[in-house]
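Step one of this worksheet: look at the structure below.
A short reminder: the numbers here are calculations on the coordinates, not readings from a lab. Computed from a predicted model, the values in this text were never measured in an experiment. So basically every Cβ, Gly included, is an ideal-geometry build from the backbone, and we count neighbours across all protein chains shown.
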Amino acid sequence: MKEWTLVLELVIALGAALALGILCERFRISSIVGYLLAGVIVGPGLGLIAGSGEVSLIAEIGVALLLFTIGLEFSIRQLRLLGSRVLFAALLAISAVLLVGTAVALAFRVSTAGAVSIGAVLSLGSTAVVLRVLRDKAELDNIHGRRALGVLLVQDVMLVPLVLLVTFIGQNSGSIAKEVGVAFLNTGLLALGLTIFVSLVVPRLLDEEAVARNRELPILLAFITCIGATWAAHELNLSPALGAFVAGMLLAENKFADQMRADVMPLRTLFVTVFFVSIGLLADLDWIGANLLWVLVGTLAVILMKVIVTHLALRTFLPGIVDSLATAIALAQVGEFSFVLAQIAFNQGVLSQNLFQGIVAISILTLLVTPVMTRNAVKMARSIAKRLVPLRHLARREKETLTASNLHGHVLVIGYGEAGQAVAHAVMSRGQRPVVLDIDPRLVRLAEHSGYPAFLGDARSGEIISHVAASQAHGVIITVPDFNVARIIIRQVRLDCPHVMVLARARYHVHRDELDVAGADFVADEESLVGEQLASTLCTRLPKPEIKKPAVEFEGRN
């Protein structure tokens, strides 16, 4: 039967996603890349999942379920916490990419409706991939991580008007004004019906006593709401994904929302997997092979365009060249929700088969490189900034930016001698932000010439420690050679910020215990380290000693 064929195809898709997800994780690549590749392999690659109807149904299920969980996690309070500057910067970035994408598409003689659809598709980034990489690297608290999170939250909200926009411009029958009015009316009816259901019906269905007796009820109600909203949106000629997202967003404000999130979110892994596999299923390998050069050029052009436009938009409201560039690099992909817009435009005849396959191919490629770009966003941003801005000017601008934002998520390096220089370079090479503090003006200038924000001051002063926001740092590394000075600095840092990790340098072995008692979490004993390195180097260069086997004596038999 056809229904059981669909079940088999789901098993094949999820099995391939599991295998490739494990393989990617072993190579420290995001498992989402494995899910995408799984869809490409079992669909257009091996033909294990065939038939456009089944593929379309799997994609619809994945999109609706994923958007429902995204909406369930969303809260209006999150937008308020972003602040007006981040909100305006995010809106400007999304609008700018949409307009530039539309203009470029029009230059290639795409229809107006098709060009606007392409601009809308390009304006969204990948919430699932970017946030997972930032969370794995513990960079959500960094400046560029918080900005990326803010832009992604706004993009999630903008999905609703973008879906409506693509739907409106795709109306070909009758009066456009009439069709737009009908679409607005249907959207209003959907929102009103869901609001009444969530605010009036849900509280009556689920009282505290019933929920306490059976925790399955909130889960069941959540899925009924999701499926009902999806069906209602389809019946109103709206995107089913739009209905699922609105349903989740309204349930997020319900008093049972926390319990629903806790119970439903474990299933999010399944929804994400189905969704990304369905994206891979949409790829046409024959078409990509025949147009490989254009796909590669288009992918590179999309990434460059989004980096440049997003960076300029963010810089309008938010300071910091490196932070804005890092945020733009992290958001340079075509996101998962873009497939929702592309499918709507394709189904309405706004996008041709070639344009749709081009968007799918470019989107998959950008998602494949997103984990690498996001993981190295800060390093790439600083490398680009060094080529665009002289190092000394860059350091001063970053210093002003950090001071204005009270510093957050940096690594404070106290002392910029030979050891401090090595520490700053190592910290930067690992994607963290070093901020230098030294009492010597010459060393401060040297740090600025090297491209590091540097402050002049005596770290033994509590005011100076507060000025460089040691309490907001990921860690404090003290490299000053003077033992007494280092001990006082450690105590001062511990006094002002007891929760921050403190690492210190001890030139001599006899000082290690005293620095440890002063409050350092880790002390690098130079004498011990030198001895270990000398011995290790010698042993690695000497020939391996032959291991003589002990003589075995055999007792003779009488």
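Sorting check: for 275-285, 289-299, which peptide has the highest mean count of neighbouring beta carbons within 10 Å, and how do the rest follow?
Working: 275-285: 24.2, 289-299: 14.0.
Output ranking for 275-285, 289-299: 275-285, 289-299.
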Distance in nm between label sites at residue 522 and residue 217, each 7 Å beyond Cα in the beta-carbon direction? 5.2
Inter-part gap, Cα centre of segment 137-167 to Cα centre of segment 507-544, in whole angstrom, is 47
Per the 1/(1 + (r/R0)^6) rule, R0 = 22 Å and r from the Cβ atoms of residue 46 and residue 286, FRET efficiency to 0.05 is 0.95
Using a 10 Å cut-off on Cβ atoms, rank the peptides 32-40, 368-376 from the highest mean neighbour count down. 32-40, 368-376
Fewest Cβ neighbours within 10 Å first, please rank 463, 235, 448 accordingly. 463, 235, 448
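Give the relative contact order (percent, whole number) for segment 391-539; include only Cα pairs under 8 Å separated by 6+ residues.
The value is 21 percent.
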